[in-house]
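Input: a single structure, listed below in structure tokens.
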Amino acid sequence: MTIELPDPKKVGMVSLGCPKALVDSERILTRLRADGYAMSPDYAGADVVLVNTCGFLDSAKEESLAAIGEAIAENGRVIVTGCMGDEAETIRARFPQVLAVTGAHQYEAVVEAVHEAAPPSQGPFIDLIPQPDVKLTPRHYSYLKISEGCNHSCAFCIIPQLRGKLASRRIDAVRREAEKLVAAGTKELLVISQDTSAYGVDIRHESRMWKDREVRAHMTDLARELGQLRTADGQAPWVRLHYVYPYPHVDAVIPLMAEGLLTPYLDIPFQHASPNVLRAMKRPANEAKVLERLKSWREICPDIAVRSSFVVGFPGETEADFQYLLDWLDEAQLDRVGAFRFEPVAGAAANDLPGAVPESVKEERYARIMEKTAAISAAKLQAKIGRTMPVIIDLVGEADEDGDIGATGRSQADAPEIDGAVHLRDVPANLQPGDIVSVKIEDADEHDLFGVIA
Ligand code: SF4
């Protein structure tokens, strides 16, 4: 006897914003899948469309509103969630036909809204079949979110208003999720939060039993735990730490990188170097010894890659402050740098600060910092020519008319989506995304490396 399963209701998803928002989208979809929903790859096939918005900058809000408008025009049944969900009035004023608006991390509320808009098809088989987690990133890398919110109050940021105070996940839950991801084929874990070094502060670094041992909710314990993971073929997955502030205890994870337990990579959003600007920004871990610490980290782990982002044109930034930043960058020799022109965010304290920098000056400083950091990056990449290094494969191309196949991957110094790439020539036909291969570097430009499998 065959049992007819009812057609599952279909949900479309438009996910905007940062990797943290992407993790939220994955969680929502995972929950909906468990409730019997299927995913629709297009507007037309969806019973309801979820738009996960970003409300960080005014430009991101505009993009979010445009996405909501498009989903309404194409489908008509739209639920809005994410950071911009906190501005329900703005959204409803523009799009009164939106079915529901829920804020960031209100998973229950979004799921409930979907249930209301498109009640799930009932069926014992749908409800009992365990579904794998939904992933929006490629199978070989995964974001691992360890906390929500933030206890700081940087003048340009409204994340604490949007997402609340730091709320760390239990260490055993994080460890379990990491193990599951690796068992499912993840070769690279990207640890994310608003402030990774503060992990566990809010729960007093409480210990939990994990297998036969007690582990603390603390960044160094977490790093050590993640360093013990192994893939099905016995490899250590790459583990990258993002959004780390240079608190003193960060020093403790550098030896783990030297031992190969953690990927030698730190993403530290310094934002500026001038003490005046950092003070005005109210940045955490704003201390003068960062350059010395970078030096000592490189002594312990010479291959460590440090990525950072900087804001130029913050209110009150003088030419002397900006020149201080450029000189600091000369000393710091960071591997990867992202730069942004200061943009006032509605509700941020920085908007009331005196000394607004004219747009033309912001542009000019932006061009200067980009030129400086591109030159540093080019020199650092040139120095890698001739070396052999592990590369994780992201994409394998089609054979060209001579039968040669190219591939794109990343070295340990490159996080997905934000850093550079390694372009490979003449790869074997059986190469797969997620494979980690040893590559001889033959050439470099300002941001990327070029090589061949050794
Ligand atoms: S550390 Fe500062 S910039 Fe980062 S989320 Fe917290 S308040 Fe915002």
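Things worth noting here:
- Restricting Ala184, Ala223, Ala173, Ala178 to those that are out of contact with any His (no Cβ under 8 Å at 6 or more places or on another chain), at pLDDT below 90 and away from the ligand (no atom under 16 Å from the Cβ) reduces the list to Ala184.
- Selection within region 271-311 - free of Cβ contacts under 8 Å to residues at least 60 places away in the same chain, within 22 Å of the chain's Cα centre (by Cα) and within 16 Å of the ligand (Cβ to nearest atom): His272, Ser308, Ser309, Phe310
- Scope region 227-243; condition in contact (Cβ under 8 Å) with a residue 60 or more places away in the chain and either among the acidic types (Asp, Glu) or surrounded by 17 or more Cβ atoms within 10 Å (Cβ to Cβ) (or both); matching residues: Trp238, Arg240, His242
- Inside region 431-449, residues that are surrounded by fewer than 18 Cβ atoms within 10 Å (Cβ to Cβ), over 22 Å from Thr137 (Cα atoms) and not basic (Lys, Arg) make up a count of 6.
- Qualifying residue in region 106-124 (condition: farther than 23 Å from Lys10 by Cβ and open to solvent by less than 50 Å² (accessible area, probe 1.4 Å)): no
- Of everything listed in (1) small (Gly, Ala, Ser); (2) at positive phi; (3) open to solvent by 50 Å² or more (accessible area, probe 1.4 Å), the single unmet condition for Gly82 is (3).
- Checked against (1) at pLDDT below 95; (2) open to solvent by 10 Å² or more (accessible area, probe 1.4 Å); (3) touching a Ser or Thr at 6+ places or on another chain (Cβ under 7 Å), Ser193 passes all but a single condition, namely (2).
- Within region 142-154, the set of residues being open to solvent by less than 10 Å² (accessible area, probe 1.4 Å) and more than 9 Å from the ligand (Cβ to nearest atom) comprises Ser142, Leu144, Lys145, Ile146, Ser147.
- Condition met for Ala252 (open to solvent by 10 Å² or more (accessible area, probe 1.4 Å), in contact with a helix residue (DSSP H, G or I) (Cβ under 7 Å, 6 or more places away or on another chain), modelled with pLDDT under 95 and more than 13 Å from the ligand (Cβ to nearest atom)): yes
- Filtering region 155-167 to residues that are within 7 Å of the ligand (Cβ to nearest atom) and without any contact (Cβ under 8 Å) to a residue 40 or more places away in the chain leaves only Pro160.
- Subset tally (residues that are in contact (Cβ under 8 Å) with a residue 12 or more places away in the chain and not in a loop (DSSP other than H, G, I, E, B)) for region 244-260: 10
- When the criteria are applied in full, Pro96 fails the requirement of being over 28 Å from Ala167 (Cα atoms), modelled with pLDDT under 85 and out of contact with any helix residue (DSSP H, G or I) (no Cβ under 7 Å at 6 or more places or on another chain).
- For first residues located in region 191-212 and closer than 12 Å to Glu148 by Cα and without any contact (Cβ under 8 Å) to a residue 24 or more places away in the chain, partners that are among the polar types (S, T, N, Q) and open to solvent by less than 10 Å² (accessible area, probe 1.4 Å) and lie 6+ apart or on another chain with Cβ distances below 8 Å do not occur.
- Residue match in region 352-372 (condition: outside any helix (DSSP H, G or I) and within 27 Å of His423 (Cβ to Cβ)): no
- So Leu16, is it of a type in the set (A, V, I, L, M) and open to solvent by 20 Å² or more (accessible area, probe 1.4 Å): yes
- Complete set of residues in region 156-182 that are of a type outside the set (Val, Ile, Thr) and closer than 14 Å to Leu144 by Cα: Ser168, Arg169, Arg170, Asp172, Ala173, Arg175, Arg176, Glu177, Ala178, Glu179, Lys180, Leu181
- Looking only at region 405-435, and only at residues there that are under 17 Å from the mean Cα position of the chain (by Cα) and of a type in the set (Asp, Glu), the one that is nearest to Asp303 (Cα to Cα): Asp414
- Of all residues making up region 157-191, the number that are among the basic types (Lys, Arg) and under 18 Å from the mean Cα position of the chain (by Cα): 3
- Filter result for Ala356 (out of contact with any strand residue (DSSP E or B) (no Cβ under 9 Å at 6 or more places or on another chain), farther than 25 Å from Pro302 by Cα, small (Gly, Ala, Ser) and open to solvent by 60 Å² or more (accessible area, probe 1.4 Å)): yes
- The numbered conditions (1) open to solvent by 50 Å² or more (accessible area, probe 1.4 Å); (2) modelled with pLDDT under 95; (3) part of a helix (DSSP H, G or I) are all true for Glu299 except (2).
The values are calculated or read from the model by the stated rules, or taken from the named source; none is laboratory data. Note that the structure is predicted; figures quoted are calculated from it, not measured. We place every Cβ from the backbone using ideal geometry, glycine too, and count neighbours over all the protein chains shown. Please note that ligands, DNA and RNA were not included when accessible areas were found on the heavy atoms of the full protein model with its side chains. Shrake-Rupley method; radii C 1.70, N 1.55, O 1.52, S 1.80 Å.
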